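Following: one structure in structure tokens, then a few remarks.
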Amino acid sequence: MTSAQSELERLYCEVVELGGGAGLPSQVDFNRNDKNVQALLLRQPAKRFGLTLPDVSASPELQSKPQSKSKPTTQLRKPVNEPVSEPPIAQRLAGCQLRGEGIQCSEVVYELVGNRTLASLDDGVLEPSNRLGILPFDGARSDDEAVRSYLSVAYDRYIPKMLAIGLGANTMSFTAFHNAFHTLERGGVDFSERMERAYELLKQDRRTLSVKTGKHDDLPENLSLCDTINRDVIVCDNVGTNWVFVRTH
């Protein structure tokens, strides 16, 4: 608390002190975000403990800058190329609605997924042959366009791979994915190699450790928080929580 430099940082400390820090980033990572993102991160846990969220719109610093979009991932991700025979998924989502734990579209339904039991996993998914397979980044980190393109492709691979080992409720948001890339690469660590090692450790843990198989307690507020991975997977996030919806067949 003594190191807090703003009302939002003090609120972060209060939430953690009350036991609500499980879904929040570390204090160092939290402080790196701008005030809009910090407010998004704290909105749900603050509400849970009856704490008042500061009005970030009143900050002169924020008023002098363009307001951030409600969903940081939309600022970072690029549209995924769709097969010529398929209309872009973003267009199909325009006619969709959130309904409880699903996204109802005119022709298909996407259902929210949680973690799966070990017994329900497909054969071989925990074997060494099942690799995450993210390629190394060979561009310049200062090239924002190259980084966005690279991370978009990498994230589109990461989400289905996490679903394969039954961890749909424990995926990183694209914002966290993006931040991890810059943190690791800035520290001289190859992002793809570290992610591969992490995926291998997750597979090892799945063989011996049980996971909470329930889904998230809360749900996305609207489809503006959502993005598409492929025609079968939609991901929504409010920075603090990542929800994965899978198309039913």
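The values are calculated or read from the model by the stated rules, or taken from the named source; none is laboratory data. In this text the structure is predicted, and so the values were computed from the model without any measurement. Counting neighbours? That spans all protein chains shown, and the Cβs are built from the backbone with ideal geometry, glycine included. Only protein heavy atoms, including side chains, enter the accessible area calculation; ligands, DNA and RNA are left aside. Shrake-Rupley method; radii C 1.70, N 1.55, O 1.52, S 1.80 Å.
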Computed for the range 166-231: size of charge dipole around the Cα centre, +1 on C-beta of each Lys and Arg, -1 on C-beta of each Asp and Glu, debye to nearest 20, value 280 debye
Name the shape class, rounded, prolate or oblate, that the alpha-carbon gyration tensor gives for the range 130-191, where a ≥ b ≥ c are the square roots of its eigenvalues, rounded holds for a/c under 1.5, and otherwise prolate holds if a/b is larger than b/c and oblate otherwise. prolate
Sequence of ARG131, ARG247, ARG141 from largest to smallest accessible area, 1.4 Å probe: ARG131, ARG141, ARG247
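With a ≥ b ≥ c taken as the square roots of the eigenvalues of the C-alpha gyration tensor of the range 104-249, please select rounded if a/c is under 1.5 and otherwise prolate if a/b is larger than b/c or oblate if it is not? List each step's numbers first, then the result.
Working: a/c = 1.83, a/b = 1.18, b/c = 1.55.
Verdict is oblate for the range 104-249.
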Quote the accessible area belonging to CYS13 in square angstrom, nearest 10, computed with a 1.4 Å probe and with ligands, DNA and RNA left uncounted. 20 Å²
Two pseudo-spin positions, 7 Å from Cα along C-beta at GLU221 and at LEU51, lie apart in nanometres by 1.8 nm
Given a 1.4 Å probe and the protein chains all in place, what does the accessible area of THR52 round to, in Å² to the nearest 10? 120 Å²
